[in-house]
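S.K.: This structure is in structure tokens; I'll ask about it shortly.
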Amino acid sequence: MRLTVPSAGARVLVHTPGPRIAETVHGLLDQGATVALRVDSSSAGGVVADLASRRLVTFDPDADFDAYDLVLRDPWGQPGAATDEHDSPAGARATAGRVVLVGGGPGDPGLLTLAGMSALQAADVVVCDRLAPLGLLDTLDPGVEVIHVGKIPRGEFTPQERINAILVEQARAGRTVVRLKGGDSFVFGRGGEEWNACIEAGIPVSVIPGVTSSIAGPALAGIPVTHRELAQGFVVVSGHVGPQDTRGSVDWGAVARTGLTIVVLMGVANLEPLARALVANGVDPRTPAACVADAGLATQRVVRATVADLAAAVADADLRPPAVTVIGHAVAALAAPRP
Ligand code: SAH
């Protein structure tokens, strides 16, 4: 169900967005298009609102079709299209099902591994997150069932127990199930819980590692996480629960004292207290830092500042998640390319 655009940079309007609009949009963005949806922002919920808040799409409810290079109907717009039972051959049903945990990389389809791509091509059903390389899914056989279980921050989400149950149910029905995630499944991806749920249910499970955003996000912004004489290592920490929050278990003082590059995922909302805790524990306030949002996507944005000024700079730029924050001398290690 791939929609092809005539040229990179094409302005595309999609009307009647269906339940799999995220795949349609990512498929178009991957080809270099800019995408508008013919919907009213006030009526947009869930996935559509999430796409807009990440600036992957704009809304144009009263669209003038002549202003676009291409006007398309979402191929998944028909209500039944996304939910049709997968009509797999009888032979496939007879074989035992299995689950493959595939790390999809940060969102650019080019950063999915070859092993991950082969697993996708062999899948009967793909259970995917919103940060996975969704643009790839519309290159698969239309009979492959796609189940979105994305967790939109402060929005729609499928509880982890339900996701585990979906994986087990689908595999028990004899299907080859790919669990497709952003980055690597075992880096804040809850892949371990999914693995254990499969083993407990007697379902064969395997893992294909992915390119994690904790390393790829900085790299795509020109930042190495290690650099000879500047950083002899790096730590990757979740900033979901900030240092001010008693539920947190991270020793921020210890993190500050490592002298290593500090990479924070899920930290945009807590940047200010995080930076304060690091500086209070000995990190030089002038240490270079950066925040990389939507790494690997056409909407990638980077804000650079000192660690002391980063939270304000990120707020000024209105940078939104998903973003990777990186703090340390390696942030300034790379020379600018010669003109
Ligand atoms: N398993 C993933 C991380 C999941 S936690 C991995 O290995 O990359 C979700 C967090 O990952 C986001 O809040 C953000 O901090 C980071 N992230 C994932 N994709 C990203 C991207 N394309 N750009 C920037 N940050 C990203």
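The values are calculated or read from the model by the stated rules, or taken from the named source; none is laboratory data. A quick note: this is a predicted structure, and the numbers were derived from the prediction, not measured. Every residue, glycine among them, receives a Cβ derived from its backbone with ideal geometry; neighbour counts consider all protein chains shown. With ligands, DNA and RNA removed, areas are computed over all heavy atoms of the protein, side chains included. Shrake-Rupley method; radii C 1.70, N 1.55, O 1.52, S 1.80 Å.
S.K.: Hey, D64 hits all of (1) at pLDDT 85 or above; (2) open to solvent by less than 50 Å² (accessible area, probe 1.4 Å) but one; which does it fall short on?
M.R.: (2)
S.K.: Residues in segment 174-187: is at least one open to solvent by 30 Å² or more (accessible area, probe 1.4 Å) and within 14 Å of the ligand (Cβ to nearest atom)?
M.R.: Initial filter on segment 174-187 (open to solvent by 30 Å² or more (accessible area, probe 1.4 Å)): 186-187.
With within 14 Å of the ligand (Cβ to nearest atom) added as a condition, the list becomes 186-187.
Yes, segment 174-187 contains at least one residue that is open to solvent by 30 Å² or more (accessible area, probe 1.4 Å) and within 14 Å of the ligand (Cβ to nearest atom).
S.K.: Looking at (1) free of Cβ contacts under 8 Å to residues at least 40 places away in the same chain; (2) outside any strand (DSSP E or B); (3) of a type outside the set (A, V, I, L, M, F, W, C), which is the only condition P224 fails?
M.R.: Failed condition: (1).
S.K.: I want to confirm something. Restricting to segment 95-107 and keeping residues that are within 13 Å of the ligand (Cβ to nearest atom) and at pLDDT 95 or above, which single residue is most open to solvent (accessible area, probe 1.4 Å)? Lay out the reasoning, then the answer.
M.R.: Start the filter on segment 95-107 by keeping residues that are within 13 Å of the ligand (Cβ to nearest atom), which leaves 101-107.
Imposing the further condition that a residue be at pLDDT 95 or above reduces the set to 101-106.
Working: L101: 1, V102: 0, G103: 1, G104: 0, G105: 0, P106: 22 Å².
The extreme case among them is P106.
S.K.: Say whether the condition of being of a type in the set (S, T, Y) and under 19 Å from the mean Cα position of the chain (by Cα) is met by at least one residue in segment 281-298.
M.R.: Within segment 281-298 (the criterion being of a type in the set (S, T, Y) and under 19 Å from the mean Cα position of the chain (by Cα)), the answer is no, since none of the residues qualifies.
S.K.: crowded, with 19+ Cβ neighbours inside 10 Å, modelled with pLDDT of 95 or more and in contact with a helix residue (DSSP H, G or I) (Cβ under 7 Å, 6 or more places away or on another chain), is that true of S214? Step through it out loud before you land on a result.
M.R.: Numbers: crowded, with 19+ Cβ neighbours inside 10 Å: yes; modelled with pLDDT of 95 or more: yes; in contact with a helix residue (DSSP H, G or I) (Cβ under 7 Å, 6 or more places away or on another chain): no.
In short, no.
S.K.: Exactly one condition in (1) small (G, A, S); (2) under 30 Å from L120 (Cβ atoms); (3) within 12 Å of the ligand (Cβ to nearest atom) is false for A201; which is it?
M.R.: Answer for A201: the failing condition is (3).
S.K.: Would you mention how many residues in segment 1-54 are touching a Pro at 6+ places or on another chain (Cβ under 7 Å), touching a residue at least 60 places away in the same chain (Cβ under 8 Å) and assigned to a loop (DSSP other than H, G, I, E, B)?
M.R.: Qualifying residue count for the region: 2.
S.K.: Identify the single condition in (1) open to solvent by 30 Å² or more (accessible area, probe 1.4 Å); (2) at pLDDT 90 or above that G116 does not satisfy, given that it satisfies every other one.
M.R.: (1)
S.K.: Restricting segment 232-283 to residues that are hydroxyl-bearing (S, T, Y) and part of a loop (DSSP other than H, G, I, E, B), which is farthest from P322 (Cα to Cα)? Full working, then the answer.
M.R.: We begin by selecting, within segment 232-283, every residue hydroxyl-bearing (S, T, Y); these are 238, 246, 249, 258, 261.
So of that shortlist, the ones also part of a loop (DSSP other than H, G, I, E, B) come out as 246, 249, 258.
Details: T246: 24, S249: 22, T258: 26 Å.
Looking at the filtered set, the residue picked out is T258.
S.K.: Still on this structure: If a residue must be under 19 Å from A330 (Cβ atoms) and open to solvent by 40 Å² or more (accessible area, probe 1.4 Å), how many such residues does segment 247-267 contain?
M.R.: 4
S.K.: Listed residues V241, V302; which is in contact with a Cys (Cβ under 8 Å, 6 or more places away or on another chain) and under 22 Å from D184 (Cβ atoms)?
M.R.: Details: V241 fails: in contact with a Cys (Cβ under 8 Å, 6 or more places away or on another chain).
Of the residues listed, the single one that is in contact with a Cys (Cβ under 8 Å, 6 or more places away or on another chain) and under 22 Å from D184 (Cβ atoms) is V302.
S.K.: I've got another one for you. Consider only pairs whose beta carbons are under 7 Å apart and that are at least six residues apart or on different chains; among these, list those whose first residue lies in segment 182-194 and is assigned to a helix (DSSP H, G or I) and whose second residue is open to solvent by 10 Å² or more (accessible area, probe 1.4 Å) and more than 6 Å from the ligand (Cβ to nearest atom).
M.R.: As it stands, the answer is G191/V207; G192/F186; E193/N164; E194/N164, since those pairs meet every condition given.
S.K.: Further, regarding this structure: Go through the residues of segment 268-285 one by one and say whether even a single one is within 11 Å of the ligand (Cβ to nearest atom) and open to solvent by less than 10 Å² (accessible area, probe 1.4 Å). Write out each step before concluding.
M.R.: So the first thing to find is which residues in segment 268-285 are within 11 Å of the ligand (Cβ to nearest atom), and the list is 268-269.
The next check asks that each one be open to solvent by less than 10 Å² (accessible area, probe 1.4 Å); those that pass are none.
Taking every residue of segment 268-285 in turn, none turns out to be within 11 Å of the ligand (Cβ to nearest atom) and open to solvent by less than 10 Å² (accessible area, probe 1.4 Å).
S.K.: In segment 294-315, how many are out of contact with any helix residue (DSSP H, G or I) (no Cβ under 8 Å at 6 or more places or on another chain), under 30 Å from D30 (Cβ atoms) and either open to solvent by less than 20 Å² (accessible area, probe 1.4 Å) or among the acidic types (D, E) (or both)?
M.R.: So the count comes out to 1.
S.K.: Sticking with this one: Identify the single condition in (1) farther than 30 Å from A335 by Cα; (2) in a loop (DSSP other than H, G, I, E, B); (3) not charged (D, E, K, R) that G135 does not satisfy, given that it satisfies every other one.
M.R.: Of (1) farther than 30 Å from A335 by Cα; (2) in a loop (DSSP other than H, G, I, E, B); (3) not charged (D, E, K, R), only one is false for G135: (2).
S.K.: Also: Based on what the data block shows, is V236 open to solvent by 40 Å² or more (accessible area, probe 1.4 Å) and touching a Ser or Thr at 6+ places or on another chain (Cβ under 6 Å)? Spell out the reasoning first.
M.R.: Working: open to solvent by 40 Å² or more (accessible area, probe 1.4 Å): yes; touching a Ser or Thr at 6+ places or on another chain (Cβ under 6 Å): yes.
Against the criterion (open to solvent by 40 Å² or more (accessible area, probe 1.4 Å) and touching a Ser or Thr at 6+ places or on another chain (Cβ under 6 Å)), V236 qualifies.
S.K.: Which numbered condition in (1) under 25 Å from G107 (Cβ atoms); (2) more than 8 Å from the ligand (Cβ to nearest atom); (3) surrounded by 18 or more Cβ atoms within 10 Å (Cβ to Cβ) is the only one that T226 fails?
M.R.: The failed condition is (3).
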